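Q: Right, I'll just put the structure down here and ask away after.
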Amino acid sequence: MTVARNLSQEGATAPASAAEQRVRELRALIADYAHAYYVRDEPAVSDAHYDALFRELERLESEHPELASAASPTQRVGAPAAAGFAAVRHAVPMLSLANAFSEEDLAAFDRRVREALQAAALPEAELSYSAELKYDGLAVTLRYEDGRLVRGSTRGDGTTGEDVTGNLRTIKAVPLQLRAMAPAVLEVRGEVLMYRGDFVRLNERQGNAGEKLFVNPRNAAAGSLRQLDPAITAQRALRFFAYGTGEVRGAELPRSHGALLDWLQEAGFPVGRERALVSGPAQMMEFFEKVAALRPQLDYEIDGVVYKVDRRDWHEAIGFVARAPRYAIAHKFAAEEAVTELLGIEVQVGRTGVLTPVARLRPVFVGGTTVSNATLHNEDEVLRKDLRVGDSVVVRRAGDVIPEVVRALPRPAGAKGGGTAPPAQFSMPAQCPACGSPVVREEGEAAWRCVSGLFCPAQRKQALLHFAQRRAMDIEGLGERLVEVLVDTEMVKTAADLYRLEADQLAGLERMGAKSAANVVAAIAGSRRTTLGRLLFALGIRHVGEEVALVLAREYRDLDALASEDWEQVQARKQEVLRENARRRNRGEELVPIPLEGVGPEIIASVARFFAEPHNREVVADLRAAGVVCEEQEQPAASTLSGRTFVVTGTLAGMSRNEAHDRLRALGATVSGSVSKKTDFLVAGEEAGSKLVKARELGVTVLDENEFMNMIAGD
């Protein structure tokens, strides 16, 4: 192999000393040899020769500290341990992909793409797809400025990730310096993963050291990349494959995706070899089946295939759906199944008191991970599948889907009669397993519920998490782990107790530093001033979501008035107004405004039960005593949409559904979750579904996203 590099990339304006010149040569040689080994899979020199060069470079850099450089290969072995990971906002969002599981799904995807091309007057006949592997690892983005790696981060939520630059620098397949190019900005997206053989060796080391074993290569890669000490990451054999770009400035990228991957390889990045250019669902399936057959022979885990419209200059015209592009799709492998033993059925209690049976399974490896628990949904589901402790059961899992117990295998003949009696049939306990209170099942419901409300520790934890969420009291930093500790140590029994916490108390908890404790206490204090709508939603009253909470807040404007309301009279007034309006409608007269319109009998009964419970009234009084104040609810702006009822369904490209709801409420509109004759407009995003069908049946005006955006912009 001929090694040829432009050594001037390190830059020098004066004649270099012999040591400086040798350091440059060594860095260039080592980078080339690493590229040949980790990217091209074509070792150019022996390991001994590579190691000798590396040691020589280390010695020279030690003897001449003025020659130190962050771009040196010696800096891959680790950096000072980080105190935590800083947040990184992606210049270009890292989108997720929609999934396909069948040839029918691929045909539907292909049809949508072709329709978009026709709408944009693009030559549909030239359509082809770049097909490549879907790696089962951790998505990251690498940012290069003037050819040097300056930052690397995880995907996170697609908008904001974690800064793991120090750890990514330890991965030998990640170039610290681009080869023969230096764009002003180049962000490269790809996947960090661990080869199967390296995973086995890592777990052997973990076991020999008496440390926790990793579940699968993806778990090992993610855990290794998120180590606070890069020196630990450097000891793990992580790999990287590039599959796309983010922000780019100062470089002209190829027009096609396939050519882009070739371009990235020339720049020094490893890219997948198993790829093809396909046209239409039939060729997609052919590639998919070829990859499925090849899958066991690969050195790494994959969970499917990705198809992208090859013409990159068409992507914008084809567009996006929320957090996913319309020009690409992930074709996932079918769910994997395994057989294991049902060791027991336990019952968990949720925030609203719902009791959920959970299967405890003999651990089994399925769908890329070890499964030991699976939800059984409700009592009826357990009885329908006739699941009993001791049964051999089929467990299914695909990708990130929650494990499911599909069915029980036939029991031995002796267990069905004439011999050993079959295991006992499951039944829901009569008392709550968390607090011992009675459980009830309301008519027409599948779920059993604990009746104790905030007395129940299990409900208390979930109720506090609900109370603190962003759209309720918005207490940043009050997460699941902290709530777990606060409840278990009985530092917090009700939401009001949060406002009595002090930073010193929190700082004494495990893994809670003084700064973090002060931030949480400050966030709690900042939530004292809120609105009645937010507080009502935060209290977790059954059936009272955000919209109902806003309706109640607009009607009463005062918590005392709500708590002391005679709800039977409210219901009677509503019924009387409804009867009066029926008479007026027959006479063609103007209708009377309906009190609490949109709040039905079931919701009113739930609110009445909540405020009738003495303990709940105590909690509300305690919150007020702790300084929680409901400020005047911001009134909607005067608008042509005031009083109009909207339903938003499907996926919007320009905003989330919550954002659409907020915009509508700010304009005085009412947002409903279901379509009825009272609905004025239905906003239909991508894959709108049954609500769109019902709206058309009822003659409700349907708006697409562009019409909706124009409507709210006009107000």
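Q: Sorting check: for 701-708, 203-210, 25-32, 585-592, which peptide has the highest mean count of neighbouring beta carbons within 10 Å, and how do the rest follow? Spell out each step's value before the answer.
A: On the way: 701-708: 15.6, 203-210: 10.9, 25-32: 19.8, 585-592: 9.1.
Going from most to least packed, we get 25-32, 701-708, 203-210, 585-592.
Q: On to the next question. Give the distance, in whole Å, between the Cα centre of the range 551-615 and the Cα centre of the range 100-121.
A: The distance from the Cα centre of the range 551-615 to that of the range 100-121 comes to 48 Å.
Q: Could you tally the net charge around Ile329, taking each other residue with its Cβ under 11 Å from the Cβ of Ile329, Lys/Arg +1 and Asp/Glu -1? Working shown, then result.
A: Values: positive: Arg112, Lys134, Lys308, Arg326, Lys332; negative: Asp105, Asp110.
So the surrounding residues net to +3.
Q: Restricting to Cα pairs below 8 Å that are 6+ residues apart, what does the relative contact order work out to for the chain? Please round to a whole percent.
A: In percent, rounded to a whole number, it is 9.
Q: Now for a separate question. Would you check the accessible area of Ile524, probe 1.4 Å, heavy atoms only, in square angstrom rounded to 10?
A: Rounded to the nearest 10, the figure is 10 Å².
Q: Ok, one more. If I stretch the segment between Ser279 and Gln235 completely, what's the gain in nm (0.36 nm per residue apart, minus their alpha carbon distance), one decimal? Write out the running numbers ahead of the final one.
A: Numbers: separation 44, 0.36 × 44 = 15.84 nm, distance 4.29 nm.
Contour length minus Cα-Cα distance gives 11.5 nm.
Q: Taking Cβ-Cβ under 4.7 Å as the only way to count a partner, pick out the unpartnered cysteines of the chain.
A: Cys630
Q: For the range 670-715, report the convex hull volume of the alpha-carbon atoms normalised per residue, in Å³, without decimals. Walk me through the numbers on the way to the answer.
A: Working: hull volume 3.4 nm³, N = 46.
That works out to 73 Å³ per residue.
Q: Given the peptides 296-305, 235-244, arrange them by the average over their residues of other C-beta atoms within 10 Å, most packed first. Show your work: numbers first, answer last.
A: Values: 296-305: 17.4, 235-244: 21.6.
The peptides rank, most packed first, as 235-244, 296-305.
Q: 7 Å from Cα along Cα→Cβ at both Ala71 and Ala334: what's the point-to-point distance in nm?
A: Label-label distance for Ala71 and Ala334, simple model: 5.1 nm.
Q: Just to be sure I understand the model, the point goes 7 Å from the Cα along the line to the Cβ. What's the resulting Lys677 to Ser102 distance in nm?
A: About 3.8 nm separates the two model spin labels.
Q: Tell me the accessible surface of Glu687 in square angstrom (1.4 angstrom probe, heavy atoms of protein chains only), to the nearest ten.
A: Surface accessible to solvent at Glu687 totals approximately 140 Å².
Q: May I ask you to derive the FRET efficiency for Thr701 and Asn519 from their Cβ-Cβ distance with R0 = 56 Å, giving the value to the nearest 0.05? Numbers along the way, then the final one.
A: Values: r = 47 Å, r/R0 = 0.84.
About 0.75, to the nearest 0.05.
Q: Still on this structure, I have one more. Helix-only mean residue ellipticity at 222 nm, the chain, DSSP H runs n ≥ 4 weighted -39,500 (n - 2.57), per residue, nearest 500. What is it? It would help to have the intermediate numbers written out before the result.
A: Numbers: 24 runs with 254 residues, N = 715.
After summing the helix terms and dividing by residue count, I get -10500 deg cm²/dmol.
Q: How much net charge surrounds Tyr135 when only the other residues with a Cβ under 14 Å from the Cβ of Tyr135 are counted, with Lys and Arg +1 and Asp and Glu -1? Mind dumping the intermediate values first?
A: Working: positive: Lys134, Arg155, Arg189, Arg196, Arg218, Arg239, Arg273, Arg275, Arg295, Lys332; negative: Glu132, Asp136, Glu191, Glu274, Asp299, Glu301, Asp303.
With Lys, Arg at +1 and Asp, Glu at -1, the net is +3.
Q: Pairwise over distinct Cα atoms, reciprocal of the mean inverse distance: report the Kirkwood radius of the range 86-137 in Å, one decimal place. It would help to have the intermediate numbers written out before the result.
A: Numbers: mean 1/r = 0.0712 Å⁻¹.
Over the range 86-137, the inverse of the mean reciprocal pair distance is 14.0 Å.
Q: Pop the C-beta distance of Asp560 and Arg500 into the FRET formula with R0 = 25 Å and round what comes out to the nearest 0.05.
A: Details: r = 23 Å, r/R0 = 0.90.
For R0 = 25 Å, the calculated efficiency reads 0.65.
Q: On average, how much accessible surface per residue is there in the chain, in Å², for a 1.4 Å probe, leaving out ligands, DNA and RNA?
A: Working: 35240 Å² over 715 residues.
With the other protein chains kept in place, the chain gives 49 Å² per residue.
Q: How much accessible surface area, in Å² rounded to 10, belongs to the heavy atoms of Glu565 with a 1.4 Å probe?
A: 50
Q: Any chance you could run the full-extension gain for Glu590 through Gln469? It's 0.36 nm times the residue separation minus the Cα-Cα distance, nm to one decimal.
A: 39.4 nm
Q: Let me ask another. How would you order 308-318, 652-662 from highest to lowest mean count of nearby Cβ atoms within 10 Å?
A: Packing order, densest peptide first, comes out as 308-318, 652-662.
Q: Which one, (1) -0.85, -1.23; (2) -0.65, -1.18; (3) -0.87, -1.44, gives log10 I(q)/I(0) by the Debye sum over Cα atoms at q = 0.08, 0.11 Å⁻¹ as derived from the coordinates shown?
A: Among (1) -0.85, -1.23; (2) -0.65, -1.18; (3) -0.87, -1.44, the one derived from this structure is (3).
Q: Using only the Cα atoms of the range 199-241, what do you get for the radius of gyration and for Dmax, in Å?
A: Every Cα atom of the range 199-241 included, Rg and Dmax give 10.0, 32 Å.
The values are calculated or read from the model by the stated rules, or taken from the named source; none is laboratory data. This is a predicted model, so every value here is computed, not measured. Glycine also receives a Cβ, built like all others from the backbone with ideal geometry; neighbour counts cover every protein chain displayed. Heavy atoms of the whole protein, side chains included, go into the accessibility calculation; ligands, DNA and RNA do not. Shrake-Rupley method; radii C 1.70, N 1.55, O 1.52, S 1.80 Å.
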